[in-house]
1. Are there any pairs, at least 6 apart or on different chains, whose C-beta atoms fall under 8 Å, with the first in segment A:112-124 and open to solvent by less than 40 Å² (accessible area, probe 1.4 Å) and the second in a loop (DSSP other than H, G, I, E, B) and among the charged types (D, E, K, R), and if so, which?
2. Kindly establish whether B:Leu99 is within 14 Å of chain A (Cβ to nearest Cβ), open to solvent by less than 10 Å² (accessible area, probe 1.4 Å) and touching a residue at least 60 places away in the same chain (Cβ under 8 Å).
3. Within segment A:159-181, track down each residue that is within 16 Å of ligand 2 (Cβ to nearest atom) and more than 10 Å from every other protein chain (Cβ to nearest Cβ).
4. Scan segment A:34-62 residue by residue and report those that are away from every other protein chain (no Cβ under 14 Å), more than 9 Å from ligand 1 (Cβ to nearest atom) and open to solvent by less than 10 Å² (accessible area, probe 1.4 Å).
5. Can you find even one residue in segment B:54-70 that is under 21 Å from the mean Cα position of the chain (by Cα), free of Cβ contacts under 8 Å to residues at least 40 places away in the same chain, part of a helix (DSSP H, G or I) and within 25 Å of B:Phe324 (Cα to Cα)?
6. Inside segment B:197-242, can you point out the residues that are in a helix (DSSP H, G or I), more than 8 Å from chain A (Cβ to nearest Cβ) and out of contact with any helix residue (DSSP H, G or I) (no Cβ under 7 Å at 6 or more places or on another chain)?
7. Need a quick list: strands (runs of 3 or more DSSP E) entirely within segment A:18-104 having at least 2 residues that are closer than 30 Å to A:Arg127 by Cα.
8. When residues of segment A:12-61 are filtered for being of a type in the set (Gly, Ala, Ser) and away from ligand 2 (no atom under 16 Å from the Cβ), how many remain?
Amino acid sequence: MKRDPILTARGLVKRYGRVTALDNCDFDLYPGEILAVIGDNGAGKSSLIKAISGAVQADEGEIRLEGRPVSFRSPLEAQDAGISTVYQTLALSPALSIVDNMFVGRELRKPGPLGTWLRMLDKPAMRAFAREKLNDLGLMTIQDIDQAVETLSGGQRQGVAVARAAAFGSKVIIMDEPTAALGVKESRQVLNLILDLKAKGLPIILISHNMPHVFEVADRVHVHRLGKRLCTIDPKKHTMSDAVAYMTGAKQPDDVNEAA
Amino acid sequence: MTDMTQTAPPRGQSFEHDLEKSDRTVAAFERTKRGPLGTIQHGLHGNPTLVPVIVLGLSIAAFGLIAGGKFFSAFNLTLIMQQVSIIGILAAAQSLIILTAGIDLSVAAIMVLMSVIAGNLAVYMGVPAPVALLVAFAGGTGAGLMNGFLVTKVKLPPFITTLGTWSIFYALNLWLSGAQSIRSQDIDKAAPLLKFFGNTIAIGNARVTYGSILMIVVFLALWFLLNKTAWGRHVYAVGDDKEAAELAGIRTDRTLLSVYGLAGLVCAIAAWASIGRVGSISPQAYYEANLHSITAVVIGGISLFGGRGSILGALFGALIVGVFQSGLRLADVDVLWQVFAIGWLIIIAVAIDQWIRKVSA
Ligand SMILES: Nc1ncnc2c1ncn2[C@@H]1O[C@H](COP(=O)(O)OP(=O)(O)O)[C@@H](O)[C@H]1O
Ligand SMILES: [Mg+2]
């Protein structure tokens, strides 16, 4: 069965001064799958997802979402089109509360003139929604949802960032190294969350250095090397050491499109 | 909890299977035991306005004891309000900029320039006073937007931008006024509306000027915008971490531009109030008010690093300065010690801010 990809990129180029972070890079994401993107540090994984999510603009190349060409000038435009991203840096505002962070850019206004004329926020509704989402995602039990994010631990912050990306009915979720800062147990919760999102039919792009995690949850693995896609492999047909050998250049893949 | 273990085979690597039996409360928002100092630190972190409120209360009480009834009278307390009203309104504008991690050295220059423009139009050129004031409001907004444009589009640091525009606005003001004041009698004759905020309401010995009331209204309105609207949350987010705010989906440059424009408008409102407060329009007045507005903001507990503090803090900061000046004067202390005391207040306020910011989970 040949499905159509939901998100594709062709020939992306992104240069930072003399560094070419993306060098004619292709990318495909299919509906309902978990696609892992692996690669050495500096291979250009974050640059790829930043280009896809509107955080940076590619110098060349084309991105299509559901077959239509898109070019996002800002992360907001990508969000509006249904691409939610958990950045490696999380992109939370430390001094703002959990609720404020979850709703940044999508705040709910009070019904009636208070909302229309005074543009007043509907804080009770926002609190209820945020609490529900955090509980749904099974990430944490909330005591004080008005707590500033900077008073949370690394894992809790990650949870807030993931919940924000997952909460607003998007078409694609991108996570850049979501477990890098986490302990064993917190990593497990994030992985379970990813599997739950997949069970709801959402396609997910997962960037990770953790091979056991990648091989456990991914349907396909995009191996990124020197700013482009080297190959896509099926994790059931390859070992973790194969994957590491490809991404470090120790070994060349026989079939670059095995899992396409 | 994502607890599918009863129905589905356990997920994960074999070494993780024992996790199912582990304590499940780790990711909860635990309350750890804190010492008394830690409790204070956390309390202040959640309520940054607490420090200036306490300082204001203590200083009123202290000067009440030292200077006695002279200080602690309705007359004197309302006089203090009146004396700080212009710096207070400028501090409100300054707070907006400082919340975005910027600084505005041009607030007082915008104010004086706009009072000169309104005065010239209404007193010398026969323009109806309401129209003259509208021109001044538009001019103040435009001056603020010019700062904002230089900061967001030309990407100049706010300090340098407003250092430059301070001189530019000041020079324009000297040019337009010919370095001459507009006399009080001339304003009374041609455009008494310009002195509207000099009117007072007398309740017993208290003399509340319209200007004092305006100051409080300006602060409450800005407090509402900052705390009850999405725009306000975005201002804090941008000041906190601009890059994160951009990635989270805020149009940061647009937010910054609106902040500078609004601050300019508030400066123009201060211009109107200043005509009532001073009586005349003097191009040389308020030359140091830029720095005084920053003093009020800092003493009010708003962080110079942006994103932290309540705008109401700046109101209390302005009042604290007024209370110190009035109290020390009534206690017959030399003016130089007033300046000395304010200097220490600034340093202590910033030190407390640094300490509060170190709060951790
Ligand atoms: N904003 C930037 N400015 C300059 N160089 C950058 C920037 N972002 C990334 N790079 C460079 O681009 C390359 C790819 O980086 P990145 O996409 O972060 O890789 P990865 O996420 O795979 O570790 C690296 O050489 C990095 O130094
Ligand atoms: Mg990266």
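1. What qualifies is A:Gly115/A:Asp122; A:Met120/A:Lys110; A:Leu121/A:Glu107; A:Leu121/A:Lys110; A:Asp122/A:Lys110.
2. In short, yes.
3. If the condition is that a residue be within 16 Å of ligand 2 (Cβ to nearest atom) and more than 10 Å from every other protein chain (Cβ to nearest Cβ), then A:Ile174, A:Met175, A:Asp176, A:Glu177, A:Pro178, A:Thr179, A:Ala180, A:Ala181 are the ones that fit.
4. Scanning segment A:34-62 gives A:Leu35, A:Ala36, A:Ile38.
5. Yes, that holds for at least one residue.
6. If the condition is that a residue be in a helix (DSSP H, G or I), more than 8 Å from chain A (Cβ to nearest Cβ) and out of contact with any helix residue (DSSP H, G or I) (no Cβ under 7 Å at 6 or more places or on another chain), then B:Ile213, B:Ile216, B:Val217, B:Leu220, B:Ala221, B:Asn227 are the ones that fit.
7. Working: elements: A:19-29, A:34-39, A:60-65, A:68-70, A:83-86.
Here the list reads A:83-86.
8. Selection size over segment A:12-61: 5.
The values are calculated or read from the model by the stated rules, or taken from the named source; none is laboratory data. Computed from a predicted structure; not experimentally measured. Quick reminder, even Gly has a Cβ in these numbers, built from the backbone with ideal geometry, and neighbours come from all protein chains shown. Heavy atoms of the whole protein, side chains included, go into the accessibility calculation; ligands, DNA and RNA do not. Shrake-Rupley method; radii C 1.70, N 1.55, O 1.52, S 1.80 Å.
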